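The values are calculated or read from the model by the stated rules, or taken from the named source; none is laboratory data. None of these values were measured; they are calculated from a predicted model. Note that we place each Cβ from the backbone using ideal geometry, even for glycine, and neighbour counts take in every protein chain shown. The area values use the complete protein model at the heavy-atom level, side chains included, leaving out ligands, DNA and RNA. Shrake-Rupley method; radii C 1.70, N 1.55, O 1.52, S 1.80 Å.
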Amino acid sequence: MIKCIIFDLDGVLCDLVQVHRHALDSALLEICGYTISEYEFWRYYNGIPSNVKLQMLVNRGILDPKDKEKVWKLKQDNTINAIKSCLSLDTQKIELHTYLRSKNYKLICVSNSIRNTIELALRQTGQLEFMEFFLGNEDFGIKPKPDPYCYCLAIEKIKLNTQECLIIEDSEKGITAAIKSGAHVLEVKNPKYVTIENIERKVKNANI
C-alpha cells in the first residue's frame, strides 16, 4: 500500500532544468569563456549536482581547478536570481498536493540541488508547506543520483519500507536512482505530467 510520494524537484515539481543550465553556462562564460553545448548537457550533465559537473570540466581540462569554487558560487547566485524572477505560485501543484494530503499521503522532495535552492523553489511555487521534509545535496553529497542513497535515506527518515513509497522522476540519472532504491517509480517527461490522474493510476497498479 502506497503511503508516501517522493518527488524530484527539477523537471517534476518545477521546470528548472533550463534555469540550471543557463545559470551554469553564464558562470562558465564569465570565468573561463566556455559554454556547454545542448548535446553535451543532455547527454552528460543533466541531473547531476553542479559540483560534479564542474569536476568533470576540470578533468577535461576546460576549467582551471582554482576557478571551480568561483564558478560554483556564481552559478548559485545566477540560479537564485532566476528562481526569484521566473517562478510564481503554481496552482496546479497546490491543487495536486492538497488532494494527495487529503488522501493521507506523506509528501517529500528529494533533489540533487542544494537545500537553499530547493527551499526557495518550493516556497516561490507554494509547495513547501505540503512537504514533510526535503533532502538536498548537503544531505547526501558524496552519493548523489544516480546513486539510490538519497531515496533510501528519505524512506528511512519517513519510517516506511520501499514498497510503501512512490518516487516521481524525470531524468535518466534520477530514474536510475529511484529504481535502484526498490521503491515504485513513476517516470514523467516534465512537470505537466505530474497530475492526480497519472499518480493515482500508478498507485492503483502498485497496490494490486
More than 17 Å apart - percent of Cα-Cα pairs taken over segment 1-45: 48
Based on the Cβ-Cβ distance from residue 189 to residue 89, what FRET efficiency comes out when R0 is 30 Å, to the nearest 0.05? 0.85
Note down the Stokes-Einstein diffusion coefficient of segment 53-119 in µm²/s, whole number, using a Kirkwood radius over alpha carbon pairs, 4 °C, and 1.567 mPa s. 86
Tell me which lysines have Cα within less than 22 Å of residue 73's Cα, excluding those fewer than 8 residues away on the same chain? 53, 84, 143, 145
With all protein chains present and a 1.4 Å probe, the order of 29, 74 from largest accessible area down is 29, 74
Would you mind computing, in nm to one decimal, how far apart the modelled labels at residue 98 and residue 52 are, each placed 7 Å from Cα along Cα→Cβ? 3.6
Hydrodynamic radius of segment 11-112 per Kirkwood, over alpha carbon pairs, in Å: 15.3
In whole Hz, the Karplus estimates of ³J(HN,Hα) for segment 144-153 (6.51, -1.76, 1.60; θ = phi - 60°; x where Gly or Pro) are x, 4, x, 5, x, 3, 4, 6, 4, 5
Rg over Rh of the chain, using C-alpha atoms and the Kirkwood radius, what does it come to? 0.98
Checking segment 6-88 for trypsin sites (Lys or Arg not before Pro) in a loop per DSSP with at most 16 other beta-carbon atoms within 10 Å yields 60
Please identify which residues in segment 1-28 have an amide N closer than 19 Å to a label point set 7 Å out from the Cα of residue 153, following the Cα→Cβ vector. 5-10
Carbon/sulfur accessible area of segment 77-161, % of total, 1.4 Å probe, equals 48
Here segment 26-40 yields Karplus 3J(HN,Hα) values (6.51, -1.76, 1.60; θ = phi - 60°; whole Hz; Gly and Pro given as x) of 4, 5, 5, 4, 5, 8, 10, x, 10, 10, 7, 5, 4, 4, 4
1.4 Å probe accessible area per residue over segment 50-126, in Å²: 51
How big is D, in µm² s⁻¹, for segment 127-208 by Stokes-Einstein at 10 °C and 1.306 mPa s if Rh is the Kirkwood radius over C-alpha pairs? 119
Show me, for segment 74-89, the HN-Hα J-couplings you get by feeding each phi into the Karplus relation (A = 6.51, B = -1.76, C = 1.60, θ = phi - 60°), rounded to Hz, glycine and proline as x. 5, 4, 5, 4, 4, 5, 4, 4, 5, 4, 4, 8, 10, 9, 9, 3
